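The values are calculated or read from the model by the stated rules, or taken from the named source; none is laboratory data. Small disclaimer: the values here were computed from a predicted structure and weren't measured. Counting neighbours? That spans all protein chains shown, and the Cβs are built from the backbone with ideal geometry, glycine included. These accessible areas exclude ligands, DNA and RNA; they are computed on the full protein's heavy atoms, side chains included. Shrake-Rupley method; radii C 1.70, N 1.55, O 1.52, S 1.80 Å.
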Amino acid sequence: MTITAFDLAAWRWPHVDPLSEWACKGTGRIVVETEFLDRVERLRLAYARPLIITSGYRSPEHNRQVSTTGDDGPHTTARAVDIRVYGTWALDLIRRAIDEGFTGVGVAQKGAQERRYIHLDDLPDAADQPRPWIWSY
């Protein structure tokens, strides 16, 4: 189910901050796919460590500015998340994410530790991209 009208009282994901982590960094808009955030919450509980979300939902116009995926990248569907993590914690996160049913894993592990992250999504198969799919940035 997609939720586009935001109601703070109805927010049911205690480990995801709706304003600082999930809202679009460019527009402040919040769009939620409840099944996806349920999956993120289950991952957080299985991982048993904080998940620092650096990018959740992105509006198409903001995504166009910050990503090569343009107006329709995975974050614009509210079914993608970038999590700041590195080293052995990143490998553990990837293992658990696959167990939880995430089908897209992007690995950005070069450079300064505070800029490293793992992208996770649960998108379906696409042309020439059978899922699960893993890539590096």
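Between residue 52 and residue 92, the distance separating the two model label sites (each 7 Å from Cα on the Cα→Cβ line) works out to 1.5 nm. Full extension of the chain between residue 8 and residue 34 gives 8.0 nm of extra length, using 0.36 nm per residue less the Cα-Cα distance.
Comparing 97, 109, 134 along the charge dipole axis of segment 81-134, the residue lying farthest to the positive side is 109, per the Cβ-charge model. Count charges around residue 126 for me, please; just the other residues with Cβ under 13 Å from its Cβ, Lys/Arg as +1, Asp/Glu as -1. Surrounding charge for residue 126 is -3.
Heavy-atom accessible surface of the chain, averaged per residue, reaches 54 Å², computed with a 1.4 Å probe.
Annotation: residue 25 carries an accessible surface of approximately 110 Å², with a 1.4 Å probe and no ligand, DNA or RNA atoms counted. Simple rule: put +1 on each Lys or Arg Cβ and -1 on each Asp or Glu Cβ in the chain, find the dipole, and look at 59, 20, 9; the Cα lying farthest toward the positive end is 20.
Accessible area per residue (1.4 Å probe, heavy atoms of protein chains only) ranks 133, 22 as 133, 22, with the largest value leading.
Note on the chain: with charges restricted to the Cβ of Lys and Arg (+1) and Asp and Glu (-1), its dipole about the Cα centre is near 480 debye. Protein heavy-atom surface of the chain, 1.4 angstrom probe: 54% of the accessible area is carbon and sulfur, with nucleic acids and ligands not counted. Legend: residues 137, 47, 117, sorted from most to least accessible area (1.4 Å probe; ligands, DNA and RNA excluded), read 137, 117, 47. Charging the Cβ of each Asp and Glu at -1 and of each Lys and Arg at +1, and nothing else, the dipole of segment 6-55 about its Cα centre rounds to 160 debye. If you sort 11, 89 by accessible surface, 1.4 Å probe, largest first, the order is 89, 11.
Electrostatic bookkeeping for residue 62 treats Lys and Arg as +1 and Asp and Glu as -1; over the other residues with beta carbon under 14 Å from its beta carbon, the sum is 0.
Between residue 134 and residue 109, the simple spin-label model (points 7 angstrom out along Cα→Cβ) gives 0.9 nm.
What does the charge count near residue 109 come to, summing +1 for each Lys or Arg and -1 for each Asp or Glu among other residues with Cβ under 14 Å from its Cβ? Here the charged neighbours net out to +1.
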